[in-house]
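In what follows, a single structure is set out as C-alpha cells and then discussed.
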Amino acid sequence: MNESGGNEILRRTRRITVAGLILNVFLSCSKLAGGILSNSHALIADGVHSLSDCVTDVTIIIGAKYWTKPSDANHPHGHARIETIVSGFIGGFIILTGLYIAWQSFCAIMNPAENPPGWPAFAVAVMAILSKGILSRWTLKTGRKLKSPALAANAIHQRSDAISSIPVAIVVLTARLNSSLIVLDGIGGAIVSIFILKLGIGIIRQVRWQLTDTAAPPEIINELRRIALSVPGVKDVHNLRTRYQGEGIQADMHIVVDGQMPLAEAFSILKKVEWNLYNIGPGVIDVMVRLEPD
C-alpha cells in the first residue's frame, strides 16, 4: 500500500467510524436513560451493547492510523495484521458484552420487576433498529470497498445492535399490553445476549483463520487458476498458494510456458498474468508468479 492510498483509506475509515461513534453515544445514553426511567431491563442491556460499540469505534479510530501505513523495511508485507488483531479485540469485546448481558438477564428472569416498561422504552428501541440498520449497511459497504476486516467486524457489531433491539421492542410492547408477561423483559435481554455471543464468536473465528495463514476457499483458488490460464501462452498452473493478509489475499503460483519461447515474450506473459490477478482476481492484494518451461 502506498502512502497516498493509505491516507485515503485512513480518511474514509475515520469518517465512517466517527459518524458511528456519535450515533452510538446518543443511542447509549438514550437506551440507558430510557431503560432506567421506563424500568426495562432489556433496554438497559441493549444500552450496554450500544456502549460497547463506542469502545470498538474508538479502537478503530486509533488503530487505523497504524494499519494503513505503507510497507517499510521492517514490514515488507505492510501492516494489515494490525487490523486483524483489532478485529480480534472487537470480537472478544463483543463476547464479553454478551456474557455480561446474559448474566444480568438471568438475574432479571429470576427476580422480575414489579411494573412493566414504559412506552419510551419501545420508542427508543424502534429508533435504534432503524438508525443502526442504516449505519451498519453504510459501514459494511465502506469496509468491503476498502477491504477492511476491522470495519467489516464493526459493521457486524452495529448490525447486532440493530437486531438485538428487535426483541427488546417486542417484549416491551408485550409487557405493556399484558403486565403479567413482564418476565419477558428479562427473556428479551437473554435473547439479545445470544445474538451478541454468536456474532462475536463468528468474528473471532475469522480472525483465527487470518492469523494462521489459512488458504482462501476452493472457489477463490479455482477462480485465480482460471484467470491465469486465460492468458494466451499459459499452458498450466501449479503450486498455487494463497493466504490472507487482513481482508486481502496474497497468492503465488508457477505458470508453465513454451520452453522455446523468447525470454522477453515469456516475461510479458508473466506480467499479464500478474496484472489480471491484481485487477480481476477476487480480493488479491499481492501476487508473485514464477515461470517454468514445459
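The values are calculated or read from the model by the stated rules, or taken from the named source; none is laboratory data. Here the structure is a predicted model, which means the values were calculated and not measured. Here the Cβ is made from the backbone with ideal geometry for all residues, glycine too, and neighbour counts use every protein chain on show. Surface accessibility is based on the protein's heavy atoms, side chains included, excluding ligands, DNA and RNA. Shrake-Rupley method; radii C 1.70, N 1.55, O 1.52, S 1.80 Å.
Where both partners of a DSSP beta bridge lie in the chain, what percent of those bridges are antiparallel, to the nearest 5? If we restrict to bridges inside the chain, about 45 percent are antiparallel. Computed about the Cα centre, the dipole magnitude for the chain is approximately 460 debye when only Lys and Arg (+1) and Asp and Glu (-1) carry charge, each at its Cβ. Taking Cβ atoms as reference points and 13 Å as the exclusive limit, the residues near Asn239 contribute a net charge of 0, counting Lys and Arg as +1 and Asp and Glu as -1.
Above 33 Å lies some portion of the pair distances; for the chain, what is it as a whole percent of all C-alpha pairs? Tail fraction, whole percent: 38. In the complete set of protein chains, residue-level accessible area for Tyr278 is approximately 100 Å², probe 1.4 angstrom.
By the helix-only formula, in which each DSSP H run with n ≥ 4 contributes -39500 (n - 2.57) and the sum is divided by residues, the chain has a 222 nm mean residue ellipticity of -25500 deg cm²/dmol. In terms of its C-alpha gyration tensor, the range 143-294 has a prolate overall shape, because the principal axis ratio a/c (a ≥ b ≥ c, square roots of the eigenvalues) is not below 1.5 and a/b outweighs b/c. The listed residues Thr56, Thr214 rank as Thr214, Thr56 when sorted by accessible area, largest first, using a 1.4 Å probe.
Surface exposure of the range 163-294, expressed per residue as accessible area with a 1.4 Å probe, stands at 51 Å².
Return the carbon/sulfur percentage of the accessible area of the range 124-235, one whole number, probe 1.4 Å, all protein chains in place. The partial results should precede the final answer.
Values: 3540 of 5310 Å².
That fraction is 67 percent.
Oblate is the label for the range 112-215, because a/c, from the alpha-carbon gyration tensor with a ≥ b ≥ c as root eigenvalues, is 1.5 or above and a/b does not exceed b/c.
Run the numbers on the chain and let me know its relative contact order in percent, using alpha-carbon pairs under 8 Å that are six or more apart.
18 percent
Across the range 203-291, Cα pairs under 8 Å and at least six residues apart give a relative contact order of 30 percent. For the range 180-258, the direction-averaged projected area of the alpha-carbon convex hull comes to 7.3 nm².
Working from label points 7 Å from Cα in the Cα-to-Cβ sense, the Trp275 to Arg81 distance is 3.3 nm. For a quick check, take a GNM of the chain with Cα springs below 10 Å and name the residue from Asn24, Asn276, Asn39 with the largest mean-square fluctuation. Result: Asn276 has the largest fluctuation of those listed. Long hydrophobic helices in the chain, taken as whole DSSP H segments with a C-alpha length of 18 Å or more on their own axis and mean Kyte-Doolittle hydropathy at least 0.0: 3-38, 41-67, 80-110, 119-146, 149-177, 184-211, 263-280. If I build a Gaussian network model for the chain, linking alpha-carbon pairs within less than 10 angstrom, which residue out of Pro232, Pro167, Pro282 has the largest mean-square fluctuation? So, out of Pro232, Pro167, Pro282, the one fluctuating most is Pro232.
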